[in-house]
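The values are calculated or read from the model by the stated rules, or taken from the named source; none is laboratory data. None of the values given here were measured: they were computed from a predicted structure. Cβ coordinates were reconstructed from backbone atoms using ideal geometry, including for glycine residues, and neighbour counts include every protein chain displayed. Protein only, heavy atoms only, side chains kept; ligands, DNA and RNA dropped before computing areas. Shrake-Rupley method; radii C 1.70, N 1.55, O 1.52, S 1.80 Å.
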Amino acid sequence: MDHDTRDKIESRDAPHEDDNRIQEGDAGKARLHLRLFRLAIRIIFSLVFRVKVVGLANVPQTPVVACANHLGWTDPFLILLFLPIEPRIYILGEREVKQISGFRTIMINWMQVMVALDRDKPREALRIMQGVLERGGSLLLFPEGHLGKSEGDLLELQHGAAHLSVTSGVPLLPVGLTGTSLLWVGRRLVVRIGKPIDPSLFEGETRERVRSITGRLDSNLRALLPGDRQRGGVRLLRKWLTDLF
């Protein structure tokens, strides 16, 4: 094997240093620069969109695995900006999603907010997520695994969130998002937060518990997705905002 071939293989198999930059120490602590950044972006969101949050009282003060439906780029921002700032929330996402643009890569690395998922090495992401929960942080997962097809609907859920909940003992927090598939100035975005799903309440072997929890998560999420209707009128900057990030 020549040197160039060996170097390419080693580069492919080597860990990506920037992929999983997660805050060391207390993962639940939101440092000052992130608090200021969150405040600034939240103000911008509130000026551009009409954001409504329902069910904040359901968010515990301890770590959770937040599980939301996924319709567009604003989904993780809504949860990071409008749920309590602590315990701090980290996002599981495909590595390729992070690398869509240089701006996105720089922002995610600076915020140290993303657990990058490599489909060929899922155990690495699982190890990092469990470490985040053990150090007091929360996680955000999109259990559909793909962008949803329409408002008020839900794709079949994958079992990863339930499995993580069972192995860690951390509850799932269902979050329903509507209005985020198509965006324009003044668009009404609604965040509905359900009650936590405690994995200790489900009995049986691990596989049975995982399936039961996934079923409960599915039904709870669907109850949070009424498919809000939008009034007609001018939809200013619709294409630009929808494809912005």
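Quick notes on this one:
- Yes/no for residue 206 being more than 19 Å from residue 79 (Cα to Cα) and either over 17 Å from the mean Cα position of the chain (by Cα) or surrounded by 14 or more Cβ atoms within 10 Å (Cβ to Cβ) (or both): yes
- Any hit, the stretch 218-233, residues being of a type in the set (S, T, N, Q) and free of Cβ contacts under 8 Å to residues at least 40 places away in the same chain: yes
- Hey, residue 245 aromatic (Phe, Trp, Tyr) and under 21 Å from residue 91 (Cβ atoms) or not: yes
- Within the set 85, 43, the sole residue that is in contact (Cβ under 8 Å) with a residue 24 or more places away in the chain, among the β-branched types (Val, Ile, Thr), farther than 22 Å from residue 182 by Cβ and open to solvent by 30 Å² or more (accessible area, probe 1.4 Å) turns out to be 85.
- Considering only residues in the stretch 180-211 that are touching a residue at least 60 places away in the same chain (Cβ under 8 Å) and among the small types (Gly, Ala, Ser), the one that is nearest to residue 63 (Cα to Cα) turns out to be 194.
- Residue within the stretch 135-157 that is within 30 Å of residue 29 (Cβ to Cβ), part of a helix (DSSP H, G or I), open to solvent by less than 30 Å² (accessible area, probe 1.4 Å) and not polar (S, T, N, Q) present: no
- The residues of the stretch 221-245 that are more than 13 Å from residue 178 (Cβ to Cβ) and assigned to a helix (DSSP H, G or I), listed by number, are 238, 239, 240, 241, 242.
Every residue, every condition in (1) in a strand (DSSP E or B); (2) over 28 Å from residue 26 (Cα atoms); (3) touching a strand residue (DSSP E or B) at 6+ places or on another chain (Cβ under 8 Å), yes or no:
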position	(1), (2), (3)
41	no, no, no
46	no, yes, no
51	yes, yes, yes
61	no, no, no
67	yes, no, yes
72	no, yes, no
76	no, no, yes
80	no, no, yes
